[in-house]
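Notes follow the structure.
The values are calculated or read from the model by the stated rules, or taken from the named source; none is laboratory data. In this text, all values refer to a predicted model and were calculated from it rather than measured experimentally. A quick note on method: Cβ atoms are made from the backbone with ideal geometry, for glycine too, and the neighbour counts reach across all protein chains shown.
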Amino acid sequence: MSTATLTNLRDYLYGTLSPANMLWLSKQLADYVKKLQEQEKLKPYTMNEINSMLDEAEKQFSEGDYVTNEELFREWDEEIEHEEHSEMAEAV
């Protein structure tokens, strides 16, 4: 739907719905969107998608494009240390 069509629909609803009806409708729409987003999150991958992800991971690994456990934990430790220093600076 185009922005102009949505704007016209919105303006029509502004003119016909009471504030209580608008609140009810907005809650219904928000709940519906949350439900759709949850369903999308749980959508299973197809075998083609899984195979593509595996192919990409194998390619990256063969090119040396990966992070070792040691590097990952070092980066996490540095981030935690930086956050702790930032929080302490804000507290002072």
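Brief remarks on what is shown
- Meets criteria (farther than 30 Å from R10 by Cα, exposed (fewer than 10 other Cβ atoms within 10 Å of the Cβ) and under 25 Å from the mean Cα position of the chain (by Cα)) for M88: no
- In the range 1-51, the qualifying residues are those that are surrounded by 10 or more Cβ atoms within 10 Å (Cβ to Cβ) and part of a loop (DSSP other than H, G, I, E, B), and the one that is modelled with the lowest pLDDT is Y45.
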